[in-house]
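K.L.:
I'd like to ask some things about the structure below.
Each reported figure results from applying straightforward, stated rules to the coordinates on display, with no laboratory input. Computed from a predicted model, the values in this text were never measured in an experiment. Neighbour counts are summed over all protein chains in view; Cβ atoms, including those assigned to glycine, are modelled from backbone coordinates with ideal geometry.
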Amino acid sequence: MDICSASSKEVQSAVVEFDYTHFLCDAPKRKWTFYQAIKSIMPVFNVAWQAKVSSDQSNSDQFHELAAFHLSTRVSDEENIARLVRLAKSLSIRSIKVLLPYEMEPGQLKTIAADTHVELAYADERRESIFIQIDTP
């Protein structure tokens with residue numbers, strides 16, 4: 001199976017699954033919109049975008065839609081995962097499972113945990129996914 005053919009989905013009502021491999025595969029194919037170009041220069045426009053996200057969407061749907069705007073191939077994987085955590089916190093999502101194209105080093109997980117104050121653990125034996133437990137206020 002081609003690793004780029006996978007997709008993001010919600011696996012349980014309590015755990016949101018995000019396929020980081022899919023993001024990395026699709027990122028070069030995406031074309032920037034006018035909004036994205038402006039947002040990269042002036043992040044304040046992101047506030048207006050978040051206000052437009054439909055309140056009828058589930059937290060998982062909002063999470064996936066907003067992740068497309070918050071993640072970037074121009075920053076480290078650790079920074080992207082930290083962005084996912086901050087986004088999940090803002091949407092009161094308590095658990096995320098992130099599917100990875102490779103095994104993250106324990107030092108990378110420690111960096112993310114220190115930056116975001118969450119618990120991270122490998123979600124499978126092959127260490128190709130991580131489980132993130134978020135304590136939302």
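K.L.:
May I ask for the net charge around ARG86, where only other residues with Cβ less than 12 Å from the Cβ of ARG86 are counted and Lys, Arg are +1 while Asp, Glu are -1?
P.N.:
Once positives and negatives cancel, what remains is 0.
K.L.:
Additional query: Give a quick list of GluC sites (Glu not before Pro) in segment 75-137 that DSSP marks as loop, anything other than H, G, I, E or B, with at most 11 other Cβ atoms within 10 Å.
P.N.:
GLU125
K.L.:
Also, I was wondering about something else. Estimate the FRET efficiency between LYS110 and ALA14 by the formula 1/(1 + (r/R0)^6), using the beta-carbon distance for r and 25 Å for R0, to the nearest 0.05. Show your work: numbers first, answer last.
P.N.:
Working: r = 25 Å, r/R0 = 1.00.
It comes out at approximately 0.50.
K.L.:
Got a sec? How would TYR102, TYR122 order by Cβ neighbour count within 10 Å, fewest to most? All intermediate terms of the calculation are to be shown ahead of the outcome.
P.N.:
Working: TYR102 10, TYR122 16.
Fewest-to-most Cβ neighbours within 10 Å comes out as TYR102, TYR122.
K.L.:
By how many nm would the segment from THR73 to SER90 grow when fully extended, if each residue of separation counts as 0.36 nm and the alpha-carbon distance is taken off?
P.N.:
Difference between extended and current length: 3.9 nm.
K.L.:
Pulled fully out, how much extra length does the chain show between ASP124 and GLN57, if you take 0.36 nm times their separation in residues and subtract their Cα-Cα distance?
P.N.:
21.2 nm
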